[in-house]
Amino acid sequence: MVVRIPESLPARMFLLAYDLRKKKMTKSGRHLGYLLRAAALTELYLDGRLGEDEKARPRPGTPGTDPYGLVAQIAEAPRPRSWQHWVRKDAKALVAPVRDELVADGLVRVRRRRVLGVFAVEDVTVKDPRVVKALWGGASSALRGRPVAHVNSYDAAAVALAAACELKSVLPARDRRRHKRRIEELTARSGPAPRAVRKVLQAEYAAASSG
């Protein structure tokens, strides 16, 4: 049976945020949304739809799809905004479309239930663990071996985003320390969004600790 890897980077990162051992998502809510927004922005950057300026700007005349409407959202803004702004913007709203894509493709199953009869909870299950393992394999190979310039762009981005969002199921802290320089090189290849999501999360953690 052939393992079907999703084409979109947000879908891949959703799956990489699933812990096969614990059989649950390691990220949820807005933090999962930040990861998926950063992945969508990175995909648009890699496709040439967004430039590499300090502010996120569409590249006029660049063909391609805009599956989550981010290019249109950025283009319609009254003024250029930072990459951090676009990582945060409507972050939680992107979780459902990406999840539903994976459900429609038969890659995940979602069971909805209520805790204490009040709080709505969604349990996500990956139907074919080999898909997650294949994505792990791509990320692992990106950390080792071939020169950074020859690494698959989505594998490089997966490492950059996993490191920025501290996806322990993909990159435990010891691996982030051991491969710090390589991760920085892969991040540089992946555009501004991975660094932007790291800054967003660092600001949240700092605010939480000071509070």
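The values are calculated or read from the model by the stated rules, or taken from the named source; none is laboratory data. All values reported here derive from a predicted model rather than from experimental measurement. Here the Cβ is made from the backbone with ideal geometry for all residues, glycine too, and neighbour counts use every protein chain on show. For accessibility, only protein heavy atoms count, side chains too; no ligands or nucleic acids. Shrake-Rupley method; radii C 1.70, N 1.55, O 1.52, S 1.80 Å.
Would you mention how many residues in the range 134-147 are assigned to a helix (DSSP H, G or I) and loosely packed, with under 14 Cβ neighbours inside 10 Å? So that I can check it myself, show each step before the final result.
In the first step, residues of the range 134-147 are kept if they are assigned to a helix (DSSP H, G or I); the result is 134-143.
Those still in the list that are loosely packed, with under 14 Cβ neighbours inside 10 Å too: 137.
Number satisfying all stated conditions: 1.
I'd like to check something: does the range 63-71 contain any residue that is touching a strand residue (DSSP E or B) at 6+ places or on another chain (Cβ under 7 Å) and not hydroxyl-bearing (Ser, Thr, Tyr)?
First, the residues of the range 63-71 that are touching a strand residue (DSSP E or B) at 6+ places or on another chain (Cβ under 7 Å): 71.
With the extra rule that they be not hydroxyl-bearing (Ser, Thr, Tyr), the set shrinks to 71.
Scanning the range 63-71, I find at least one residue that is touching a strand residue (DSSP E or B) at 6+ places or on another chain (Cβ under 7 Å) and not hydroxyl-bearing (Ser, Thr, Tyr), so the answer is yes.
Residue-wise test of (1) surrounded by fewer than 15 Cβ atoms within 10 Å (Cβ to Cβ); (2) among the polar types (S, T, N, Q).
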{"site": "ARG114", "(1), (2)": "yes, no"}
{"site": "VAL121", "(1), (2)": "yes, no"}
{"site": "VAL126", "(1), (2)": "no, no"}
{"site": "VAL151", "(1), (2)": "no, no"}
{"site": "ALA157", "(1), (2)": "no, no"}
{"site": "LYS168", "(1), (2)": "yes, no"}
{"site": "THR187", "(1), (2)": "no, yes"}
{"site": "GLY191", "(1), (2)": "no, no"}
{"site": "GLN202", "(1), (2)": "yes, yes"}
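Somewhere in the range 93-104, is a residue touching a residue at least 12 places away in the same chain (Cβ under 8 Å) and open to solvent by 80 Å² or more (accessible area, probe 1.4 Å)? Walk me through it before giving the result.
Residues of the range 93-104 touching a residue at least 12 places away in the same chain (Cβ under 8 Å): 93-95, 97-99, 101-102.
Then drop every residue that is not open to solvent by 80 Å² or more (accessible area, probe 1.4 Å), which leaves none.
No: zero hits.
What residue, among those in the range 170-185 that are farther than 22 Å from LYS24 by Cα and of a type in the set (Asp, Glu), is surrounded by the most Cβ atoms within 10 Å (Cβ to Cβ)? Residue satisfying both the conditions and the ranking: GLU185.
As a summary of the residue check, ALA120 satisfies the conditions (1) hydrophobic (A, V, I, L, M, F, W, C); (2) at pLDDT below 95; (3) more than 18 Å from PRO194 (Cα to Cα); (4) not in a strand (DSSP E or B) except for the one numbered (4). Cβ-Cβ contacts under 7 Å between residues 6 or more apart (or on different chains), taken from a first residue in the range 183-209 that is farther than 13 Å from ALA160 by Cα to a second residue that is open to solvent by less than 10 Å² (accessible area, probe 1.4 Å), are listed as VAL200/VAL87; LEU201/CYS165. Please determine whether any residue of the range 26-38 is more than 23 Å from ALA203 (Cβ to Cβ) and surrounded by 15 or more Cβ atoms within 10 Å (Cβ to Cβ). Within the range 26-38, not a single residue is more than 23 Å from ALA203 (Cβ to Cβ) and surrounded by 15 or more Cβ atoms within 10 Å (Cβ to Cβ).
Of everything listed in (1) out of contact with any Lys or Arg (no Cβ under 8 Å at 6 or more places or on another chain); (2) over 20 Å from GLY138 (Cα atoms); (3) outside any loop (DSSP other than H, G, I, E, B); (4) not small (Gly, Ala, Ser), the single unmet condition for LEU36 is (2). The residues of the range 55-90 that are in contact (Cβ under 8 Å) with a residue 60 or more places away in the chain and open to solvent by 40 Å² or more (accessible area, probe 1.4 Å), listed by number, are GLN84, ARG88.
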